[in-house]
């Protein structure tokens, strides 16, 4: 077919039937002298032109069918036929805002291109693709992503991808390998304790440890559980829990099974960085998480044919087929569009890791426990049509190209062979979440609805907590997270005494706990102003709908593990003599008494309080250790006692009673997120605040 | 002959039977004026009776012609003008090859008159349906089909509906500006939101191919004002004008600015006080009214690049229209508007209904509360009740939320209460934003609640709010 120019009245596609129908359509309309015609205006530019060209694509010298052919900046896509050819319509107006580049993309080759294809000619545009070597190269050294203040080298991603880098550098992904909380849980240390004296007072042991990031031998307070001591009780660490496979995936050399403390340099400083994610050539969801197999990294192994491309011929994987820059070696992969890349780490089914411990084979026939199940929660929910990025990587319409070096000086084009992409095509690399600096998404997931009735001097509040907006359970991810519902009632400024109803479970935190039969007037560390919350077990269990066996019918209510607890009364400590405590009113009979705190008001960002037994409820995946402890870190887990986290669109309704002293008591419900269990945070001195996700009054 | 061509031929055969004025083939001048008004066929001063004929039409956009549709052969359709308390009677003749309806965007009308096809029928080809209702609120409204909307609105079926209040001052002149961005509809992108799944005819689709824009990148050359590209509005200095602005675009936002924006009204008539924002954002479906107090200086109405994918976008400002003033008289004094000064209602803190918007940029799966219309959960309110609606945008684009049959008061946007009472029927919800609305359920019916990005509504982002007797 000869090359020709067509006016804007032609189709951008090479579809002959559509073009023929269009011509006929226009002819018919023009001949229809009686047709209604709308008033319209003149002006505007004259008709634009497309340049029709044929593109011939070969793969290793052989014409290849099914290759994508595209023009940079043009949303149209064409596919090569059995002869390796595609007839395309080049939009010359692209030149006004970018480079004129025609490309061909194939899943087995780096995107090839022809720069400035020129005017219409009968000669085809020839693009020769070459299969890339699919052998991962352990000798490759992961690249430096750079930072906004350190981007002088073209070897740094930040050099060209300035906006994306500036977003990424402040994320938890970037800090994944150097997160001090992770390292304390890895090594069994408390970094916040700086002296041997303080360590001894806390019950720890001041001893040598390996400093994260440097490998240096330093003194640390060894206190509490840790991956290394728990999994290697006998001596030199040989089991590392797979932590580094996701937290420090960029450790050079062998992939998977590495010690987190091997992360130094780029691997430590930048955690989950550009050169890890964009080296992911494939995903194997059946393989161990992270770079231990699920993320199929392909580090370049080919020598470049020409100097200037580095030691290895570049290859990068991403969501786009239109990245022809030789310094990138772009290859499109679908797992960047859907949730599978995220599933590389945000889905973790784990066997028991602690030596000598075992899980209940009847309860867990697959011999693994669901630890992180965010991907599965999303995949089986009603929002699986919206990929993770739709919430966590919002578009940035102010950026025309991910490679935006020249934004600063010369306009919106990319660095080389670049063009302006449609607004929103560039996604922010921020991974918004409730725990980012801005608290993004906190207000979108959960909703609270309140109903109340007043009778016989008692107000009964019915509170519905619903996951209306998250595509996965809330909370999700790390099982140390929890959500607490806290319900209060007021008559004016007077806070009403709770008289019954659902309560915050034990993972809401307590200073001390006593069971029936123990001396409830004796508390080791009570202080005036603290409270004792008395709770009674009904003997029944909440039959909630949770994730996996907690919702698919495999577990009975009892096996789902959430005993129904009812508040009996709350008493305030008014006097302390030694361990002998007196209260404002006598303690009633109950099954459990929690000594806790009762903050006057719960505000967003306030330090977390011990709230077990308070009027409210709680939502968490409760992991249990071999010693029966609850809410343990996942490397200690031998069971999941309960998992009542709210799946997408799921709701839980609780009831709360208060003694009413007015005709219109006001009910306040708050849903707060906690990053760690209260007792763990207290032991390890992690900063723990009440992060308010939702609040309602009625 | 392809199916598409055959359908166009049928459409043209229908055109031959039309008894409507035929616009001149030559390029009309770029002089802007308000759309011609519909003729009131009823002598009763309390009744406005007009006829609208929806039929194929050939639109001239810039220097090019595009097959589309029009009411009474006019783009935009005839402006309907009424006064508060009037009975409006509109005979709609469907001279299209497919079903259509008329929806009165922003007006509170009886459910049977709302022009939707949820549990009611559309107007079939060749049929005439008479809409009749009392207009109860003053303001700038518009009408458009609510069936196959993405296609029919994009191809020209829309017009203004002006409801006047006797208490409002008359200015020297009035100008109705209906903005539209051409070429947004892509037949293959729809999924049966407004229309009936599987029956979306694509007769004119090929002719729109060249107009396809780049993932909602508004091409400045495709914006029209009353059907004109970059027109000029001639006026005299010393003149005061009431300017009514309507964004009839399917999916494109207007981030407008000019030398001095003096906003007097929004969706639901006069604001409580004059507002002088630096920019005026009109999401699809939005309206606003401003006053122009013209001195001797010409000025342009500019649109800044704004994307549904997050707002202010990369690109260049462009002039949508130019106001050319003749003479050197000074600007007239500001008219005395009967602004109420009403403060915004306080937020009660409780929520009755939450609508969460989800979907990804570039996708076609658009949901409210995880559901795609028409498979939706119907929220219900009792007639006479007052409810708080909370809108949450958990998607990758902005969404102009539109509720039928009711106006609502904006309680808070992103946690911030408005400075003055805002009564709207369409409100934009930015990415990640939470908007709280106060709704007085005073109109019985199954009311559509949806994103007014018509591609999103077609993609399923629509639900039903029932007000029960």
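Which residues, taken from segment A:665-679, are part of a helix (DSSP H, G or I) and either crowded, with 23+ Cβ neighbours inside 10 Å or on the phi > 0 side of the Ramachandran plot (or both)?
Initial filter on segment A:665-679 (part of a helix (DSSP H, G or I)): A:678-679.
Within segment A:665-679, just A:678 meets the criteria.
Within segment B:186-207, is even one residue closer than 26 Å to residue B:254 by Cβ, within 18 Å of the chain's Cα centre (by Cα) and either assigned by TED's automatic domain parsing to the domain that holds residue B:46 or modelled with pLDDT of 55 or more (or both)? No, that holds for no residue.
Every residue, every condition in (1) buried (at least 21 other Cβ atoms within 10 Å of the Cβ); (2) at pLDDT below 80; (3) closer than 27 Å to residue A:130 by Cα, yes or no:
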position	(1), (2), (3)
A:33	no, yes, no
A:41	yes, yes, no
A:72	yes, no, yes
A:97	no, yes, no
A:117	no, no, yes
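Going by what's in this entry, would residue A:612 be described as in a loop (DSSP other than H, G, I, E, B), crowded, with 17+ Cβ neighbours inside 10 Å and in contact (Cβ under 8 Å) with a residue 12 or more places away in the chain? Spelling it out, residue A:612 is indeed in a loop (DSSP other than H, G, I, E, B), crowded, with 17+ Cβ neighbours inside 10 Å and in contact (Cβ under 8 Å) with a residue 12 or more places away in the chain. Looking at segment A:515-529, which of its residues are surrounded by fewer than 20 Cβ atoms within 10 Å (Cβ to Cβ) and part of a loop (DSSP other than H, G, I, E, B)? Across segment A:515-529, the qualifying residues are A:516, A:517, A:518, A:519, A:521, A:524, A:525, A:527, A:528, A:529. Would you check if there is a residue in segment A:470-477 being surrounded by fewer than 23 Cβ atoms within 10 Å (Cβ to Cβ) and closer than 28 Å to residue B:361 by Cβ? Yes, because at least one residue in segment A:470-477 is surrounded by fewer than 23 Cβ atoms within 10 Å (Cβ to Cβ) and closer than 28 Å to residue B:361 by Cβ. Looking at segment B:338-352, is at least one residue under 30 Å from residue B:385 (Cβ atoms), more than 8 Å from every other protein chain (Cβ to nearest Cβ), within 24 Å of the chain's Cα centre (by Cα) and modelled with pLDDT of 95 or more? No, segment B:338-352 contains no residue that is under 30 Å from residue B:385 (Cβ atoms), more than 8 Å from every other protein chain (Cβ to nearest Cβ), within 24 Å of the chain's Cα centre (by Cα) and modelled with pLDDT of 95 or more.
Each row is one residue, and each column tells you yes or no for (1) part of a helix (DSSP H, G or I); (2) farther than 18 Å from residue A:171 by Cβ; (3) within 14 Å of chain B (Cβ to nearest Cβ); (4) modelled with pLDDT under 95.
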site	(1), (2), (3), (4)
A:313	no, yes, no, no
A:320	no, yes, yes, yes
A:326	no, yes, no, yes
A:345	no, no, no, no
A:360	no, yes, no, no
A:364	no, yes, no, no
A:367	no, yes, no, no
A:376	yes, yes, no, no
A:402	no, no, yes, yes
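With respect to residue A:622, determine if the residue is touching a helix residue (DSSP H, G or I) at 6+ places or on another chain (Cβ under 8 Å), away from every other protein chain (no Cβ under 14 Å), at pLDDT 95 or above and buried (at least 22 other Cβ atoms within 10 Å of the Cβ). If you could, list the steps in order and put the result at the bottom.
On the way: touching a helix residue (DSSP H, G or I) at 6+ places or on another chain (Cβ under 8 Å): yes; away from every other protein chain (no Cβ under 14 Å): yes; at pLDDT 95 or above: yes; buried (at least 22 other Cβ atoms within 10 Å of the Cβ): yes.
The answer is yes for residue A:622.
In this structure, residue B:410 does not qualify as buried (at least 19 other Cβ atoms within 10 Å of the Cβ) and closer than 18 Å to residue A:696 by Cβ.
For residue A:141, are the conditions met, namely being part of a loop (DSSP other than H, G, I, E, B) and surrounded by fewer than 21 Cβ atoms within 10 Å (Cβ to Cβ)? Spelling it out, residue A:141 is indeed part of a loop (DSSP other than H, G, I, E, B) and surrounded by fewer than 21 Cβ atoms within 10 Å (Cβ to Cβ). When the criteria are applied in full, residue A:541 fails the requirement of being at pLDDT 95 or above, more than 24 Å from residue A:656 (Cβ to Cβ) and in contact with a helix residue (DSSP H, G or I) (Cβ under 7 Å, 6 or more places away or on another chain). Only one of the listed residues (B:436, B:430, B:421) is in contact with a strand residue (DSSP E or B) (Cβ under 6 Å, 6 or more places away or on another chain), within 28 Å of residue A:436 (Cα to Cα) and assigned by TED's automatic domain parsing to the domain that holds residue B:368. That residue is B:436.
Checking each residue in segment A:378-392 for being crowded, with 20+ Cβ neighbours inside 10 Å, part of a loop (DSSP other than H, G, I, E, B) and more than 8 Å from chain B (Cβ to nearest Cβ) picks out only A:388. Taken as a whole, segment B:165-182 holds no residue that is at pLDDT below 95, in contact with a helix residue (DSSP H, G or I) (Cβ under 6 Å, 6 or more places away or on another chain), buried (at least 18 other Cβ atoms within 10 Å of the Cβ) and assigned to a helix (DSSP H, G or I).
Restricting to segment B:97-111, name every residue that is assigned to a loop (DSSP other than H, G, I, E, B) and under 17 Å from the mean Cα position of the chain (by Cα).
Filtering segment B:97-111 down to residues assigned to a loop (DSSP other than H, G, I, E, B) leaves B:97-99, B:101-102, B:106-110.
Passing the criteria: B:101, B:102, B:106, B:107, B:108, B:109.
Tell me, yes or no, whether segment B:212-225 has at least one residue that is out of contact with any helix residue (DSSP H, G or I) (no Cβ under 8 Å at 6 or more places or on another chain), within 19 Å of residue B:69 (Cβ to Cβ), modelled with pLDDT under 90 and at the interface with chain A (Cβ under 10 Å from one of its Cβ atoms). Within segment B:212-225, one or more residues are out of contact with any helix residue (DSSP H, G or I) (no Cβ under 8 Å at 6 or more places or on another chain), within 19 Å of residue B:69 (Cβ to Cβ), modelled with pLDDT under 90 and at the interface with chain A (Cβ under 10 Å from one of its Cβ atoms). Each residue in segment B:114-157 was checked for being surrounded by fewer than 20 Cβ atoms within 10 Å (Cβ to Cβ) and under 21 Å from residue B:83 (Cα atoms), and 6 of them qualify. Within segment B:51-60, the set of residues being closer than 14 Å to residue B:125 by Cα and at the interface with chain A (Cβ under 7 Å from one of its Cβ atoms) comprises B:55, B:56.
Would you check if there is a residue in segment B:112-125 being within 17 Å of the chain's Cα centre (by Cα) and in a strand (DSSP E or B)?
So in segment B:112-125, the residues within 17 Å of the chain's Cα centre (by Cα) come out as B:114-116.
Those still in the list that are in a strand (DSSP E or B) too: none.
Checking segment B:112-125: not a single residue is within 17 Å of the chain's Cα centre (by Cα) and in a strand (DSSP E or B).
Evaluated against (1) at pLDDT 95 or above; (2) within 8 Å of chain A (Cβ to nearest Cβ), residue B:63 falls short on exactly one condition, (1). Could you please find all residues in segment A:535-551 being buried (at least 23 other Cβ atoms within 10 Å of the Cβ) and under 16 Å from residue A:592 (Cβ atoms)? Selection gives A:535 alone. For segment B:386-428, a residue qualifies if it is more than 14 Å from chain A (Cβ to nearest Cβ), free of Cβ contacts under 8 Å to residues at least 60 places away in the same chain and farther than 17 Å from residue B:453 by Cα, and exactly one does: B:408. For segment A:546-601, the set of residues classified as assigned to a strand (DSSP E or B), over 30 Å from residue A:650 (Cα atoms) and without any contact (Cβ under 8 Å) to a residue 40 or more places away in the chain consists of A:577 only.
The values are calculated or read from the model by the stated rules, or taken from the named source; none is laboratory data. Since this is a predicted model, take the numbers as computed values, not measurements. Virtual Cβ from ideal backbone geometry, glycine too; neighbours counted across all protein chains shown.
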